[in-house]
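Asks: Before I ask anything, here is the structure I am working with.
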Amino acid sequence: MELILNNYLVKMEKYLKALPAEERIDIVNELKSEMMELSDKGVSAEEILDRLGNPKVLARAYLADEIGKMKKFSWKKFAMIFSFYSYASIGGMFILPITSCLAVAFILSGIVCPVAGVIKFIAHFCGKEMPYLTLTIGNYSASAIAFLPISIGLGVIMFLLGWAFWKLTVLFIKSVGKHKRLKDRVQKEN
């Protein structure tokens, strides 16, 4: 077996240390068998690693599965949950909520900002002032005429930022789902 594949298995065993040794060895052996089978079919080591993905993410999926199987409290379960959240906390607890909330906020702001600019522009030509719709940056306060192009520009920037955060959210979800599906497929084959 190639060195990079062996290194992957070593990392997996390290990330699964919260599991009992017997289960950890079974998982590593399943992965090793899958790697050897793919290698025998002519799949390169790099392609195998691409299919498996990040070992931390795959280990997190295995840990989550084992935690879900346990029915009652035990210190072993507590250790597994702690280990799982130490791996998953940044992604599952922080990244996903932050990126999805920012996506929605920026997209809505990207729509509302130009609409406000159009409303202020039309109101100005109808002889009405709307002092509650203003754009102030430092000492600069935009006039009703300057407000329209600035609000359109800011709207485009905010919409693009929202779209980027949305793509990041979808990418994160696909990544987690990909590793979960791979883990399920490996379990079904064995």
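Asks: Picking from Phe78, Phe147, which residue would you name as being modelled with pLDDT of 85 or more and assigned to a helix (DSSP H, G or I)?
Replies: From the options Phe78, Phe147, the qualifying one is Phe147.
Asks: Can you tell me which of Gly162, Gly177 is out of contact with any strand residue (DSSP E or B) (no Cβ under 7 Å at 6 or more places or on another chain), at pLDDT below 95, crowded, with 16+ Cβ neighbours inside 10 Å and assigned to a helix (DSSP H, G or I)?
Replies: Gly162
Asks: If I go through the range 99-144 residue by residue, how many of them are part of a helix (DSSP H, G or I) and of a type outside the set (A, V, I, L, M)?
Replies: 13
The values are calculated or read from the model by the stated rules, or taken from the named source; none is laboratory data. The structure presented is a predicted model; accordingly, all values stated were derived computationally and were not measured. Ideal geometry is used to build each Cβ from the backbone, glycine not excepted, and the neighbour counts take in all protein chains shown.
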